[in-house]
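The next block holds one structure in the form of structure tokens; read it before the comments.
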Amino acid sequence: MDHAENALRLHVIDELSGVVPQTNRLILGRLLNVYPSQIKFKYGPYGKPFLDHDGIQVYFNISHSDTVALCALSIEKEVGVDVEQARKVPEIESICNDICSVAELGILDHT
């Protein structure tokens, strides 16, 4: 399995706080087995970055919240992930009443 195929796997990085762009570059370099300085970013029509690794387009998305980070990589297809810290939302009932249909509110009442 070459490095690009290996990058297709989903990687979960747990207990990683303070993810910053330099850390993202370090993570991606490690996953692709290249020095972070060798990573060549390109940008899609809406500004979303992707990697050009040995002529292969490697799409990635990194999300973090509190002490958890998630990094997804994909070859030739865009990918997206999102991680959010669970927290109580005191005004959730009011929000649901404003945006949910009667049927959806019925489902929420049963959960």
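Going by average Cβ neighbours within 10 Å, how do the peptides 92-101, 46-55 rank, with the highest at the top?
Numbers: 92-101: 10.2, 46-55: 12.9.
Answer by packing, highest mean first, reads 46-55, 92-101.
Give the lysines reachable from K48 as a straight Cα distance under 20 Å; neighbours fewer than 8 places away on the same chain don't count. Cross-link targets: K40, K77. Taking θ as phi - 60° and the Karplus parameters 6.51, -1.76 and 1.60, the scalar couplings of segment 78-85 work out to 5, 9, x, 9, 8, 10, 10, 6 Hz in sequence order, x denoting glycine and proline. Applying the Karplus relation 6.51 cos²θ - 1.76 cosθ + 1.60 with θ = phi - 60° to segment 37-44 yields 3J(HN,Hα) values of 5, 8, 6, 10, 7, 10, 10, x Hz, where x marks Gly and Pro.
A short reminder: the numbers here are calculations on the coordinates, not readings from a lab. Being a predicted model, the structure only gives us computed values, none of them experimental. Neighbour counts run over all protein chains shown; Cβ positions are idealised from the backbone, glycine included.
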